[in-house]
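Working notes, structure below.
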Amino acid sequence: MLLSACTAPGHKGDALFQDLGGKEGIARFVSAAVSLSHNDPRIAFLFEDADDANLTAQLEDQICALSGGPCEYEGQDMVEAHSGMEITEAEFDIFVELVLDAMEQSGISHSARNRLLALLAPMREDVIHQ
């Protein structure tokens with residue numbers, strides 16, 4: 001009983017958030033993913049004019065909220081955020097590949113990566129060809 005009193009209470013349904021390493025873990029792999037994207041010649045042009053601080057903060061909040069963490073995503077919906085970018089399916093897939101690489105480099109388990117991708121997958125159609 002004493003031990004349970006010493007543990008920090010989690011948020012309801014925050015298992016994925018915890019498996020991603022909480023806010024620090026999410027910040028680590030999001031930062032790595034943005035960096036990888038800037039350095040990948042296949043999609044770097046999509047990030048040339050990006051406000052990296054804002055992009056990183058928005059991605060962190062979105063992933064934190066989706067994974068059951070204590071964050072609230074208040075950014076644009078995916079159609080609005082990607083309007084005019086004409087992102088192709090191939091470019092989207094490359095970004096997903098880089099996010100997966102960043103999560104792997106950050107020590108995120110294969111299971112947690114798949115669970116996060118399952119939450120992000122429905123956004124695909126709102127991102128490509130906008």
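The values are calculated or read from the model by the stated rules, or taken from the named source; none is laboratory data. It should be emphasised that the depicted structure is a prediction, and the values quoted were computed from it without experimental measurement. Virtual Cβ from ideal backbone geometry, glycine too; neighbours counted across all protein chains shown.
Within the group ALA90, ALA53, ALA57, ALA102, which residue is surrounded by 16 or more Cβ atoms within 10 Å (Cβ to Cβ), at pLDDT 95 or above and not in a loop (DSSP other than H, G, I, E, B)?
Working: ALA90 fails: surrounded by 16 or more Cβ atoms within 10 Å (Cβ to Cβ); ALA53 fails: surrounded by 16 or more Cβ atoms within 10 Å (Cβ to Cβ); ALA57 fails: surrounded by 16 or more Cβ atoms within 10 Å (Cβ to Cβ).
Only one candidate passes the filter, namely ALA102.
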Task: Yes/no for ALA27 being touching a residue at least 24 places away in the same chain (Cβ under 8 Å), surrounded by 13 or more Cβ atoms within 10 Å (Cβ to Cβ), in a helix (DSSP H, G or I) and in contact with an Asp or Glu (Cβ under 7 Å, 6 or more places away or on another chain) - done: yes
TODO: For residues that are assigned to a helix (DSSP H, G or I), of a type outside the set (S, T, N, Q) and touching a residue at least 40 places away in the same chain (Cβ under 8 Å), tally how many sit in the stretch 105-130.
DONE: 8
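Does at least one position in the stretch 32-40 carry a residue that is closer than 21 Å to LEU117 by Cβ, modelled with pLDDT of 95 or more, under 16 Å from the mean Cα position of the chain (by Cα) and charged (D, E, K, R)?
Going through the stretch 32-40, the residues closer than 21 Å to LEU117 by Cβ turn out to be 32-37, 40.
Checking which are modelled with pLDDT of 95 or more leaves us with 32-37, 40.
Now restrict to residues that are under 16 Å from the mean Cα position of the chain (by Cα): 32-37.
With charged (D, E, K, R) added as a condition, the list becomes none.
No - not one qualifying residue is present in the stretch 32-40.
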TODO: Working only within the stretch 72-87, note down all residues that are surrounded by 18 or more Cβ atoms within 10 Å (Cβ to Cβ) and under 15 Å from the mean Cα position of the chain (by Cα).
DONE: MET78
TODO: Could you please tell me which pairs satisfy a Cβ distance under 6 Å, a separation of 6+ or placement on different chains, a first residue in the stretch 41-68 that is farther than 16 Å from ALA81 by Cα, and a second residue that is assigned to a helix (DSSP H, G or I) and β-branched (Val, Ile, Thr)?
DONE: ARG42/ILE94; ILE43/ILE94; CYS64/ILE26
Open item on the list: For the list (1) of a type outside the set (Asp, Glu); (2) out of contact with any Gly (no Cβ under 6 Å at 6 or more places or on another chain); (3) over 19 Å from GLN18 (Cβ atoms); (4) assigned to a helix (DSSP H, G or I), I need the number of the one condition that GLY84 fails.
Closed with: (4)
Task: the stretch 11-24 - residue that is in contact (Cβ under 8 Å) with a residue 40 or more places away in the chain, in contact with a Gly (Cβ under 8 Å, 6 or more places away or on another chain) and assigned to a helix (DSSP H, G or I) and, of those, surrounded by the most Cβ atoms within 10 Å (Cβ to Cβ) - done: PHE17
Task: Any hit, the stretch 82-103, residues being of a type in the set (Gly, Ala, Ser), closer than 19 Å to GLU24 by Cα and touching a residue at least 12 places away in the same chain (Cβ under 8 Å) - done: yes
